[in-house]
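What follows is one structure encoded as structure tokens, with my remarks underneath.
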Amino acid sequence: MQIKLQAGKYLVNKEQIIDKARSEVRVVLTEIESKELLQQAGINVIDTRLATSKQEAKLISRQLGFPIVLKIASPDIVHKSEAGGVRLGLKTLKQVGEAYDDILLAVRQGHPQAVVHGVSVQNMARPGVEVIIGMSKDAQFGPVLMFGLGGILVEVLKDVSFRIVPLTRKDAREMIKEIKGYALLKGYRGQEPVDLSSLEDLLLKVSDFAEQNPEIKEIDLNPVLAYSNGALAVDARLILEEALIS
Ligand code: ADP
Ligand code: MG
């Protein structure tokens, strides 16, 4: 049972989110479900709400304030941008309404079989250095955390570092410093230098989250925006372990 608190906000606990996914025989949690679990664990994610109609998307946008980002909310669509399911920097209610229609049209055309929960609504975060934090499970070492810079640096250059969970603060510090792109975090071409201690805090919190939630198989925070005064995940995906067959 979900109790609706205000537009797009539901009172849900971890068990309810996981039970819902299990009952639908899926292991991928949506962006909204993933962010909800992470936020409950004290991980800094951008406030994200579900709209199930265009009117609701506009109402939530008005509550959050502009600029707004809309994204497709579907457990079947893991790469939202590729599916035409992300619209950034929306500045008016009119733009929100148009983007809502555009997203649903693109997804219906490209992924006609996808189950669609609605559209997620969040603020457009100010620019920062995009980093990624991931967790996957190694057959030998168990949960392993990954850190890297976002975008092309991770996709093309595979410039990432790894540590085994649980991390110490020293591990977190080292894994940030050992990537080749580290210089970009210290201020590049006039960009503000990133607050490294808040990135370390975030890595440690994700490590704790992985340790305390063995039913989570994978974590993907991509991107996290790193600032001179903090860090904020604007996209998140959790994948559950396959349910045990009893
Ligand atoms: P996906 O990875 O599924 O394509 P994302 O949610 O990561 O979708 O969005 C794609 C890109 O849009 C991100 O890599 C980021 O650059 C940008 N973005 C997403 N959400 C926000 C936001 N709330 N504020 C600012 N930029 C965002
Ligand atoms: Mg992403």
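The values are calculated or read from the model by the stated rules, or taken from the named source; none is laboratory data. What you are looking at is a predicted structure, and each value in this text was computed from that prediction instead of being measured. We place every Cβ from the backbone using ideal geometry, glycine too, and count neighbours over all the protein chains shown.
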| query | Just a yes or no: is a residue in segment 44-51 farther than 21 Å from L225 by Cβ and either buried (at least 21 other Cβ atoms within 10 Å of the Cβ) or at pLDDT below 95 (or both)? | reply | yes
| request: Would you mind stating whether A114 is of a type in the set (G, A, S) and assigned to a loop (DSSP other than H, G, I, E, B)? | output: yes
| request: For G230, indicate whether it is on the phi > 0 side of the Ramachandran plot, more than 16 Å from ligand 2 (Cβ to nearest atom) and under 20 Å from the mean Cα position of the chain (by Cα). | output: yes
| Say we look at segment 88-100 and pick out the residues that are within 23 Å of the chain's Cα centre (by Cα) and part of a helix (DSSP H, G or I); which of these is surrounded by the most Cβ atoms within 10 Å (Cβ to Cβ)? | V96
| What number goes with the only condition from (1) farther than 24 Å from A231 by Cα; (2) touching a residue at least 12 places away in the same chain (Cβ under 8 Å); (3) assigned to a loop (DSSP other than H, G, I, E, B) that E82 does not pass? | (2)
| request: Starting from residues that are in contact with a strand residue (DSSP E or B) (Cβ under 7 Å, 6 or more places away or on another chain) and charged (D, E, K, R), keep the ones in segment 76-104 and report whichever is nearest to R62 (Cα to Cα). | output: R87
| remark: Heads up, the helices (runs of 4 or more DSSP H) in segment 130-185 (entirely inside) with at least 3 residues that are modelled with pLDDT under 95 are 152-155, 182-185
